[in-house]
Amino acid sequence: MQLNRKIYLGLALGAFIVAPASIPSASAATLKVRVDSLKSGGMIPTKYAFCQAAAQGHAGPGANISPPISWSRGPRGTKSYAVILNDTDSPKTDRDKMNKEGMTIPSTAERQTFFHWVLVDVPANVRSLKEGADSKGRVIHGKSEPAAAGTHGLNMYTTAFAANDAMKGKYLGYDGPCPPWNDDNVHHYHFFVYALSVKSLGLPADFDGPAAMEAMKGNVLAEGKLDTIYVTNPAKGAKVPKN
């Protein structure tokens, strides 16, 4: 369980800036977003998670496979797409209690947005990504492979693990959910797809989620999302695998 402890120590001590969760344009048309067989409000399968509930140690590694995602065609003038996955329930306060024995993160704790998947400049002729296209498993210190389509941005494990020598690195593309096992809140994960009026957002190397969201402003022709949930706390619905 040593690796699991390092994972949770990094997440507990990591700090990151508050990131915007809002959609860049309130007047854009609507895209239909589908993630495998997930329904709106459904639980993300553990195979797509970075961590999952465990009988010992509360939580352990997940398969961290990127899910299959597809979306409807953007309107005339669409030149690229962006795919974003974020968690809007990441603790902002009470972070010193994260994954600590005998402690609980209360539902009253202030929350912030955590980016799990940042993918931009997806060509206009691409409207789906296969399972595993952006992650085939957990990679300690972060994945370095180029995106199957488009350009990866840094997800926020980059900052969450920055103070943990065993885990720190550049976490590009998809890395799935890993909410604290002692959180009283169910975490809400939002798969966003944006149809954009530009082929490229022109972002520099190592851009992150907030930078992508800022660059999209004024360029969004259509947008859509699928709202899902995930937990590692059995008291909130996590299923503990049988040994």
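A short reminder: the numbers here are calculations on the coordinates, not readings from a lab. Keep in mind that this is a model prediction, so the values were computed, not measured. Backbone-built Cβ (ideal geometry, glycine too); neighbour counts: all protein chains shown.
Which of the three applies to region 134-243, rounded, prolate or oblate, going by the alpha-carbon gyration tensor with a ≥ b ≥ c and a/c under 1.5 meaning rounded? Show your work: numbers first, answer last.
Working: a/c = 2.22, a/b = 1.43, b/c = 1.56.
It is oblate, given that a/c is not under 1.5 and a/b is not larger than b/c.
For the chain, would you read off the P(r) tail past 31 Å as a percentage of all alpha carbon pairs?
On the way: 5456 of 29403 pairs.
Within the chain, distances greater than 31 Å cover 19 percent of Cα pairs.
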Lysines whose Cα lies under 17 Å from that of LYS39, excluding same-chain neighbours fewer than 8 positions away: LYS47, LYS225
DSSP bridge orientation in the chain - percent antiparallel, rounded to nearest 5: 90
Hydrodynamic radius (Kirkwood) for region 178-242, which is based on Cα pairs only, to one decimal in Å: 14.6
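Report the GluC sites (Glu not before Pro) located in region 73-151 that are in a DSSP loop and have at most 10 other Cβ atoms inside 10 Å of their Cβ, or state none.
Here the GluC sites (Glu not before Pro) that fit, given the DSSP loop and packing criteria, are GLU101, GLU110.
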Leading residue at positive end of dipole, region 110-231 (Cβ point charges), from LEU154, LEU201, PHE114: LEU201
